[in-house]
Amino acid sequence: MAFFEELGKRITDAGQEVARSTKNFTQVTKLNAAISAKEKERKELFAQFGQLCYEKGGQPAPEDVAGPMEAIRALTEEMENLQAEVERIKNVGKCPACGAELPEGAAFCPACGAAAPAPQPEEPQRVCPACGKAVGEENQFCNYCGAKLD
Ligand SMILES: [Zn+2]
Ligand SMILES: [Zn+2]
């Protein structure tokens, strides 16, 4: 009897694990797509930058390159932030000290006793500034009241 109880429990655990990783997987896929898009954008900027240098005979004035440099720097920073977010998601449910799998809701790691990170709050939902209803991430307009979203 205990065997079946144990088995049932394990199946439930596995199910929860899958649900959690599917959600994370989707998020990671989205983030990776965003990173690739920025990488592409950055390559174009590098190309413009290179062309500019070439046109200036290899010695562009600082004010000529300041714009592209700033844009590249900003893009790089955004990419790093996205990458950090990917790492964070991948490490959800793992002990920050020893990397052991943490049971859901654990306050301390059962393997090494380190304090487990506080559970991540759900993604903040985007709300319409006019009517306060939750709207889609990519919406241009509120689908409830038609207000323009920024
Ligand atoms: Zn640990
Ligand atoms: Zn609205």
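The values are calculated or read from the model by the stated rules, or taken from the named source; none is laboratory data. All values derive from a computational prediction rather than experimental measurement. No Cβ is skipped: glycine too gets one built from the backbone with ideal geometry, and neighbour counts run over all protein chains shown.
Of P124, P110, which residue is at pLDDT below 90 and not hydrophobic (A, V, I, L, M, F, W, C)?
Values: P110 fails: at pLDDT below 90.
From the options P124, P110, the qualifying one is P124.
Among all positions in segment 74-88, there is no residue which is surrounded by 11 or more Cβ atoms within 10 Å (Cβ to Cβ) and in a loop (DSSP other than H, G, I, E, B).
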